[in-house]
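Laboratory data are not the source of any read-out in this text; all were calculated from the coordinates shown. Nothing here was measured: the structure is a model prediction, and the numbers come from that model. Neighbour counts are summed over all protein chains in view; Cβ atoms, including those assigned to glycine, are modelled from backbone coordinates with ideal geometry.
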Number of protein chains: 2
Amino acid sequence: MYVIVVYDIEVERIDAVRQTLKQYLTWIQNSAFEGEITEGHLEELRLRLAEIIEKEKDSIIVYSANNPSWMKKRVWGKEKNMTTNIL
Amino acid sequence: MYVIVVYDIEVERIDAVRQTLKQYLTWIQNSAFEGEITEGHLEELRLRLAEIIEKEKDSIIVYSANNPSWMKKRVWGKEKNMTTNIL
């Protein structure tokens with residue numbers, strides 16, 4: 001399945017969240033990751049992130065499509081390459 | 001069509017970008033909007049945002065699905081209500 005993950009995390013936990021997401025998905029923008037992932041790995045990711053985030057303060061939204069062709073992607077402005085950012 | 005818009009905009013232009021997005025979509029997270037929009041309005045939005053952003057610095061990604069049921073949404077942590085934020 002193809003997923004887009006967007007997050008709004010308080011600064012003290014943001015690096016840990018990104019480090020975890022990076023192990024499963026591609027960092028495409030400051031607050032967004034995307035990529036192909038299995039249901040099993042997504043559940044593993046959810047459990048790992050649940051250990052890091054504060055549920056009353058942080059928010060992570062996961063959009064998924066079973067077929068990536070169901071989602072069209074357009075980039076307006078700069079196509080950022082976040083993979084060069086060191087965490 | 002249903003869209004998710006994620007953005008990475010420099011601070012001096014962020015309010016103008018959000019003000020514009022708010023006229024078409026729902027603010028769901030610090031750096032994300034979503035909602036139902038026609039192709040015509042999306043093109044109008046693109047043109048309006050193109051007037052605001054700096055193409056070498058700012059980035060906006062638009063994911064779209066013709067049928068919203070093709071995309072599943074999960075929220076981990078807090079479900080934020082950004083509509084109460086005043087711009």
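Just a few scattered comments:
- Per-residue average of Cβ from other chains inside 10 Å of B:60-68: 5
- Out-of-range pairs (alpha-carbon distance over 23 Å; input A:57/B:57; A:73/B:72; A:73/B:73): A:57/B:57
- Other copies of residue A:55: label-to-label distances in nm, shortest first, labels 7 Å along the beta-carbon direction: 4.7
- With 5 Å bins beginning at zero, the pair-distance distribution over Cα atoms of chain B amounts to 3, 13, 26, 25, 20, 10, 4, 0 %.
- Extension gain (nm, one decimal) between residue A:41 and residue A:22, 0.36 nm per residue minus Cα-Cα: 5.6 nm
- Rg ratio (alpha-carbon, reference 2.2 N^0.38 Å) - the protein assembly as shown: 0.99
- Normalising the average separation of contacting C-alpha pairs (under 8 angstrom, six or more residues apart) by the number of residues puts the relative contact order of chain A at 46 percent.
- Couplings 3J(HN,Hα) of region B:70-76, computed from phi: 6, 10, 9, 10, 10, 10, 10 Hz, in residue order, whole Hz [Karplus 6.51 cos²θ - 1.76 cosθ + 1.60, θ = phi - 60°; x for Gly and Pro].
- Using the alpha carbons alone, the radius of gyration of region B:1-49 stands to its Kirkwood radius in an Rg to Rh ratio of 0.94.
- Between copies, the label points at residue A:10 (set 7 angstrom from Cα along Cα-to-Cβ) are spaced 3.1 nm, reported in nanometres from shortest to longest.
- Label-to-label distances for residue B:44 across copies, nearest first, come out at 4.7 nm, using points 7 Å from Cα in the beta-carbon direction.
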